[in-house]
Structures are given as structure tokens and as C-alpha cells.
Amino acid sequence: MRRCNLNGTVGFRPQAATSERSEVRVHLHRRVLIVLTVVTALLGVPVAAAAQAGTSTAQAQPLALVYRGPASVPGTAESVATVLRNSPSRFRVEYVGPKDTPITAATLARATVFAQPGGPSLSTAWKAMKPFAGLIRDWIAKGGNYLGFCVGGYLAGATPGYDLLPGDTSQYSAKQGATVWDTAPHRSEVVWRGTAYTTYFQDPPAFDLEPGNTATVLGTYRGGEIAALAVDYGSGRVGVTGPHVEADRSWFVDDGLSADGAVNPQLAYDLIETTVRGNRSGTVPAVPAAAPTTTAVPAVTPAPAPVAPPAPTTTTAPSAPTGTVAAPVAPNTGAAPGPAVPPATTPVPPIATAVPPTTTPAPRPARVQLPWPFDRLAELPLMQQFIGAAGPGPALRPTS
């Protein structure tokens, strides 16, 4: 570097001090890199273990395939997926269909459940699903689990359908004594394990089983027809329901119906668990508790109570004019009134409400951001001591 000497002549700065400082910096940087490398390697072990544990947990959850396509209508697959995720078995969900994962033997082999949601009509649904009927039926017979909701329940029958039941299906609204008589959406009742529940109905099937069957009947319509059941099929299981027990509040609102008392996902959980786990307890699983909200709610600090002034020795009337003290009123004793007492003119001090001073917290010093994981490593006491031992210099990251 060029500089002016004291005598005014131009010269050059000696390089010895500059080179020495440069070597110190180089050594410091090397030591920092060595420590960072060692600590990163040590931290990598628990991070990798945690990642592996998370992957193992996800793989431990059973997989449910939910059909989504022309054999369903928008929203039905998503509602079925929701009750599967929230059920006691906590399924992972993967959608299958023309625009999702293809339905193949390899896809089914990865799953525990194949769920068929509600659809536009039995004929339309069967046209879309007929090419996969043999594949799905064989997978269930070898140990798979089928869940059918409304049209998915119709498809479990034989005319037409996958032929998974010891009997067949029929249209409930066409039966004598039915509580719904058309294909429009309705609120209606199903008797589930002996208790009446209001649910969402839209042209549900009734299940007509042969005598001597081994099915577990979960729900019946008011006339006694079977509304929901679970039964073995080969080495697998089949669970079906006519009423839409998976319906959430939006189904009722969208169709102009009241949702009060009609959203009962615990019935869907019972269907799922009875089919997959063989729930023969005779009770409906409880609705899992809602996850706690993560929205931070600011604490409300109550306003400080006003500090009342000391009680005056003379009783004052509430309506006394400002700045004057009202004279005490003598009781009526029947004696002759005495001379008038002029009002006192002693000024009344205003009532002061103690307001706590508002203190603004001092701003925190700005943080110098380093890339991860160096920002975390720089805060370790070992790192701070190590860097401090190397000589004076600016901190890598200021402490707050």
C-alpha cells in the first residue's frame, strides 16, 4: 500500500506486520473449519437417526388406497381419506385412479385397505371399475380389506359388482317403510349398534344377506334392513355402509341441510376398525381428540385497578358540583330550621388513576445470519472458547 511518510516523501509500508496478521487469520480459519467439520460429523449421527426414525414411523402406519376418478364424485374420496387418517389405525392415504396412482397388483400389494367412495350412479361406477374387478377381488381374497361407502357398498354386491357379499344389494328407497323415497340428499336415521344416529343419506343401498351368514351387522335402517356390515371374504375382509357416515359438515351445508347432530365420524371409525381389526367389542370407537391449536394467543394483561384517594372526613353527595363539597344533610328531627349554612368552597382534588408506565423493551441487536448448520455451531460454548483462544477479532454471531 502507498502512504505518505512524515517527511512528506512517498514510500511503501513494511509488509512484515501485514503478513503476520494474514497468517494468523489463515490459521484461525483453518482451525474453525476443522472444528466445524468435526462437530458437523458428530451432529450428523443424531440427525440421521431421527430421519431414519421418522421414516420408520411413516412406514409402520398401514396404507389405505382411496379410489378417485369417474366412479366417484368430487369430495367423496377426500372425506373417506379424512376418516381413514383420523381413525384409531391412523392410515396413510394414497389416491388411486386414472389421474393418480394406477390400480395394479403391485400397488394393491403395498396396501392394507382399498376404499371405494360414493359415486354418481351404480352403472357409471361399474363401467369405470369393471376392468379392475378381478384384480381387486383376488387381492381381497388373499388378505386385503375392502371398504365401500354408498355406491362403494353397491359395488360390493353382484348385480353388478365385485360379488364380495354373502348375498346382494338393493335400493333402500324402493323398499316399503323406507325413510327416504328419492335420490335427493336427506338427513335420516340409522340405528348403529343399538343407538339411533342422524346421518347423510343419498339413495343408499340395503344389504340383503343369505340366511346363516357370518356377517357382523353394524347398522340397520328404521325398517330393520341392513345398512352397514363387516364380513370375511376369503382371507380378507369387507366392510360396507349405505349411509354416508363419512360425511362432514360441508356436505349438509352444500345441500341446504342442517348439520346439527348429524356429523358422526365415529361410525366410520367403527366400520374401519371392525373391518380391518375385527372390532367385536360391541361399542363404537370414540372420536379422537382434536389436535391442539398452534396459533399463539397473546396474553391479556388486566387493566390496573384505579387507586382511590383517601376517604374525606366530610361525606360528599355524588351530584355535587365540580370544585365544591356539598354540606352534610341534617336529619329531620322536627326542630325549627337553623340558619342556612353556606356551601364549603374547599376544592376537591381530582381522582388520579394510577397508570403503570409503559416501557418499551430495548431492541435486540441484529443477528448476523450464517448458513445452517454453522449458525448453530457458532453458538456452542466450545466454539466460542476455541475462537476466543485464537486471538481477538469480531464474533461470528452476536449473542442476543
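The values are calculated or read from the model by the stated rules, or taken from the named source; none is laboratory data. In this text, all values refer to a predicted model and were calculated from it rather than measured experimentally. Neighbour counts are summed over all protein chains in view; Cβ atoms, including those assigned to glycine, are modelled from backbone coordinates with ideal geometry.
Quick one: which residue in 152, 234 is over 35 Å from the mean Cα position of the chain (by Cα) and small (Gly, Ala, Ser)? Talk me through it step by step, then tell me what you get.
Details: 152 fails: over 35 Å from the mean Cα position of the chain (by Cα).
The unique qualifying residue is 234.
Hey, does the stretch 121-134 have a residue that's charged (D, E, K, R), surrounded by 14 or more Cβ atoms within 10 Å (Cβ to Cβ) and part of a helix (DSSP H, G or I)?
Step one: filter the stretch 121-134 for residues charged (D, E, K, R), giving 127, 130.
Those left that are additionally surrounded by 14 or more Cβ atoms within 10 Å (Cβ to Cβ): 130.
This time we only want the ones that are part of a helix (DSSP H, G or I), so: 130.
Within the stretch 121-134, one or more residues are charged (D, E, K, R), surrounded by 14 or more Cβ atoms within 10 Å (Cβ to Cβ) and part of a helix (DSSP H, G or I).
Does the stretch 225-232 contain at least one residue that is in a strand (DSSP E or B), in contact with a Ser or Thr (Cβ under 7 Å, 6 or more places away or on another chain), free of Cβ contacts under 8 Å to residues at least 24 places away in the same chain and β-branched (Val, Ile, Thr)?
Within the stretch 225-232, one or more residues are in a strand (DSSP E or B), in contact with a Ser or Thr (Cβ under 7 Å, 6 or more places away or on another chain), free of Cβ contacts under 8 Å to residues at least 24 places away in the same chain and β-branched (Val, Ile, Thr).
Which pairs have Cβ atoms under 6 Å, sit 6 or more apart or on different chains, and link a residue in the stretch 80-106 that is within 25 Å of residue 200 (Cα to Cα) to one that is of a type in the set (Gly, Ala, Ser)?
80/115; 83/268; 84/64; 91/64; 93/64; 93/81
Quick check: is even one residue across the stretch 40-57 at pLDDT 95 or above and under 24 Å from residue 144 (Cβ atoms)? Quick ask: steps written out before the conclusion?
Pass one, the stretch 40-57, residues at pLDDT 95 or above: none.
No, the stretch 40-57 has no match at all.
Among the listed residues 161, 167, identify the single one that is crowded, with 17+ Cβ neighbours inside 10 Å, over 18 Å from residue 116 (Cα atoms) and in the same structural domain as residue 127 (by TED's automatic domain parsing).
Working: 161 fails: over 18 Å from residue 116 (Cα atoms).
Selected residue: 167, the only one of 161, 167 that is crowded, with 17+ Cβ neighbours inside 10 Å, over 18 Å from residue 116 (Cα atoms) and in the same structural domain as residue 127 (by TED's automatic domain parsing).
Please verify whether the stretch 87-110 includes one or more residues that are more than 22 Å from the chain's Cα centre (by Cα), surrounded by 18 or more Cβ atoms within 10 Å (Cβ to Cβ) and either at pLDDT below 95 or part of a loop (DSSP other than H, G, I, E, B) (or both).
Yes: one or more hits.
Looking at this structure, is residue 190 out of contact with any His (no Cβ under 8 Å at 6 or more places or on another chain), hydrophobic (A, V, I, L, M, F, W, C), buried (at least 19 other Cβ atoms within 10 Å of the Cβ) and under 22 Å from residue 269 (Cβ atoms)? Let's see the steps before the verdict.
Values: out of contact with any His (no Cβ under 8 Å at 6 or more places or on another chain): yes; hydrophobic (A, V, I, L, M, F, W, C): yes; buried (at least 19 other Cβ atoms within 10 Å of the Cβ): yes; under 22 Å from residue 269 (Cβ atoms): yes.
Yes; evaluated as a whole, the condition is true for this residue.
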